[in-house]
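Heads up, the thing below is written out as structure tokens.
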Amino acid sequence: MTLQTVTRVDPTNKRVVFTDDQSTEHELFYDDLVLAPGGQPKRLPIEGANLSNVYTLRNFQDAQAIRDACVEGQRAVIIGTSFISMELVNAIGKRKLQSIDVIGIEEVPFGPVLGKEIGRGLMQVCYLPKNHLCACTE
């Protein structure tokens, strides 16, 4: 379904109420419900965030632009330690970049979600020797 807006979740009756693009209300019943609302990439509110060599990753075209920019000898900086960011580190790590630096607010990726031990393990998988993680707390 597309162009739907969820207006209510009723966990007691295992029911989701939504409206379609004509504002008609519908309901679906479920056994299990997964909330996966997606999201929009966050652009940093700083000077230079809209330069041509600054990317966000949300769709196929974004991925193509990043792929095209990651050419041998270039340096990449990734801001954020989310799942998407770490997948990107892993994907571009296969290219012959000079370096990949990851800047995040957590000590290790996924620390608050999966725990520091798993985060450290994932760092070892994602980070080639030329990559660096900078944990910034402010």
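The values are calculated or read from the model by the stated rules, or taken from the named source; none is laboratory data. Treat the numbers as computed from the prediction; the structure is a model and nothing was measured. Here Cβ is always computed from backbone atoms with ideal geometry, including for glycine, and neighbour counts include all displayed protein chains.
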Subject >> Enumeration of residues in region 117-138 that are modelled with pLDDT of 85 or more and surrounded by 12 or more Cβ atoms within 10 Å (Cβ to Cβ) >> reply: Ile118
**OP:** Hey, can you tell me all the residues within region 102-116 that are modelled with pLDDT of 80 or more and more than 16 Å from the chain's Cα centre (by Cα)?
**Re:** Gly115, Lys116
**OP:** Would you check which residues across region 43-95 are among the polar types (S, T, N, Q) and at pLDDT 85 or above and list them?
**Re:** Asn50, Ser52, Asn53, Thr56, Gln61, Gln64, Gln74
Subject >> region 15-40, subset more than 29 Å from the chain's Cα centre (by Cα) and charged (D, E, K, R), residue surrounded by the fewest Cβ atoms within 10 Å (Cβ to Cβ) >> reply: Glu25
